[in-house]
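Shown next, in structure tokens, is the structure this report addresses.
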Amino acid sequence: MPISLNKLGRLKVIHQRLSSSRRYSWQQLAYECQLALALERLPSRRTILDDVRYLREVGAPIPESQSHYFYERSFPLFDVLNPQEALLLHETLGLLRQIKGISAFAELEQLAMPRKDYPTGEQATACIVHFEENAHYEGREHLGPLRRCIASKTPLTITYQDFTNQRFQFRFHPYLLKEYNNRWYLFGLDEASGELYNLALDRIRSFEPQQAGTYRPNSRWDFDALFSTIVGVTRPALREPERIVLRVYGERANYVLTKPIHAHQQLLDETDDYVDLEYWLIPNPELTACILELGPDAEVLLPLSLRAELAALARQLVERYEGPSPLCE
């Protein structure tokens, strides 16, 4: 029976650990899997024991009736795995390698399957999928360490510099890393205020892991629900989702239909000249930027407050461009 990619990943980690001279309990193997695979939750005892049982079934020399597990002799796991399953993991890891900025996946390099029939050299490292990225993004070096702190439920002391260059230090309980528009953000609990903060990684000046036992797990925020009500990462306080109706004209209409501004975009009306689209969102700067990006091809019909905001911005643009260019004076 085919096995899942998650199970393949765990088998690789367990295989590597049991191939060493150490002996591991199921709890230690579960922790190693969580750390290496960036799992949100520790694998259960049943899951790990099922993985150990599977390894025994394919011939792994793991002694029976042991509370700690090890190999009695060397064992070529990847010669007995289904080649299609091994290739699936190999190709998935190859795809992750193309995301050059995500050092968080460094540990996954250990999961590469050492099979002689896989491409090697230039053929193995050739880029066949290109992700948009900012090669000079200052916060990218924080991704790996912060991901490990989230996985291990470790609180942090963070020194942060905002856009006015003021520095703050606070105790932070990290929950989630999110990328938006080539910028990474860390979501978590600010211990002093008890509020959910999102911190741009390029503004984090330093962070120090604290005692793991004092971590406050997330029991208040459903991030899927949160992101279903906003574009981007900014959720204005004390605001609820509003009905937003956007009219998009001409050829841009098909562009927005095929590349929605938000996953919950709904088509209200479609004519030869325009389409009317509906969203239930909390207006924020990212939504405003998306609408401005459409230029004169978009018009906010509702709510009137957002329409007024866009009108004011349009007047400022006119004032900015009415005079001569400063470089031509």
Would you please give the residues with an amide H less than 5 Å from that of Glu242, counting only those at least 5 places away or on a separate chain, with H modeled from the backbone geometry? Leu281, Ile282
The answer for chymotrypsin sites (Phe, Trp or Tyr not before Pro) in the range 205-299 that fall in a DSSP coil and have at most 15 neighbouring Cβ atoms within 10 Å is Trp221
Net charge near Pro61 (other residues with Cβ under 9 Å of its Cβ; Lys, Arg +1; Asp, Glu -1) is +1
Full-extension gain in nm, Arg307 to Ser25, via 0.36 nm per residue minus C-alpha separation: 95.4 nm
Could you pull out the pairs from Lys12/Lys259; Lys153/Lys259; Lys7/Lys153 whose alpha carbons sit more than 29 Å apart here? Lys12/Lys259; Lys153/Lys259
Just how large is the dipole of the range 237-329 about the Cα centre, in debye to the nearest 20, putting +1 at every Lys and Arg Cβ and -1 at every Asp and Glu Cβ? 280
Solvent-accessible area per residue for the range 215-329 (1.4 angstrom probe, square angstrom): 65
Let a ≥ b ≥ c be the square roots of the eigenvalues of the Cα gyration tensor of the range 197-329; is it rounded (a/c under 1.5), or, if not, prolate (a/b larger than b/c) or oblate? oblate
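The values are calculated or read from the model by the stated rules, or taken from the named source; none is laboratory data. Source: prediction; values computed, not measured. Virtual Cβ from ideal backbone geometry, glycine too; neighbours counted across all protein chains shown. Side chains included, ligands, DNA and RNA excluded: accessible areas come from the protein's heavy atoms. Shrake-Rupley method; radii C 1.70, N 1.55, O 1.52, S 1.80 Å.
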